[in-house]
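A short write-up of the structure that comes next.
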Amino acid sequence: MSSWMRSRGLPSWGRVGRSYAAGWLAGALGALAMAAFAEAPAREQPETDRTINIVAERFTFVPSAIKLKYGETVELRLRSLDTNHGFAIPEAGVNVIVPKRGGGEARILFRANERGEFPFVCSKACGAGHTMMRGRIIVE
Ligand SMILES: [Cu+2]
């Protein structure tokens, strides 16, 4: 069992989709309108450049500092070694449940289309150290 979620903030598929639509419209207005139309690919999930596995366990995420290159697209796969946790990237509008041990993984597509640091936190109360359970994505 896994849950897919598209982030809605800046580093997100939503942004990718709008950029792509804008590019397609510009092409359709040009001399190669028919060619652009014929070659417009189906809207599928873009391929990811790599997968990053993240393990959640009271009260850490490992790794807790994830460096990405500007422009790359990654799939974050999260699994828990104990109880249910949450994984939220507030600035990207991401918030998913990381199912308890044996319950599968949560998957998130993240496009690094903005430089900077994007903190992430556990968003599901998981015990005494819950508020210390955090990390950051660094887009360089
Ligand atoms: Cu927690």
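No value in this document is a laboratory result; all are computed from the given coordinates. As the structure is a computational prediction, the values presented were derived from the model and not from experiment. Glycine also receives a Cβ, built like all others from the backbone with ideal geometry; neighbour counts cover every protein chain displayed.
Of note:
- Within-11-Å neighbourhood charge of Val98 [Cβ basis; K, R +1; D, E -1]: +3
- Extension gain for Val62-Arg136 works out to 25.5 nm (0.36 nm per residue, less the C-alpha to C-alpha distance).
- Environment charge of Asn84, counting only residues whose C-beta is closer than 15 Å and scoring Lys/Arg +1, Asp/Glu -1: +2
- For Lys124, a cut-off of 16 angstrom between C-alpha atoms picks up these aspartates and glutamates, skipping any fewer than 8 places away in its own chain: Glu57, Asp82, Glu105.
- Counting only residues at least eight positions apart within a chain, or on another chain, the aspartates and glutamates with an alpha carbon under 16 Å from that of Lys69 are Glu47, Asp49, Glu114, Glu117, Glu140.
- Positive contributions from Lys and Arg (+1) and negative ones from Asp and Glu (-1), summed over other residues with Cβ under 9 Å from the Cβ of Ala56, come out at 0.
- Peptide ranges 70-76, 108-114 listed from the most packed, as the mean C-beta count within 10 angstrom indicates: 108-114, 70-76
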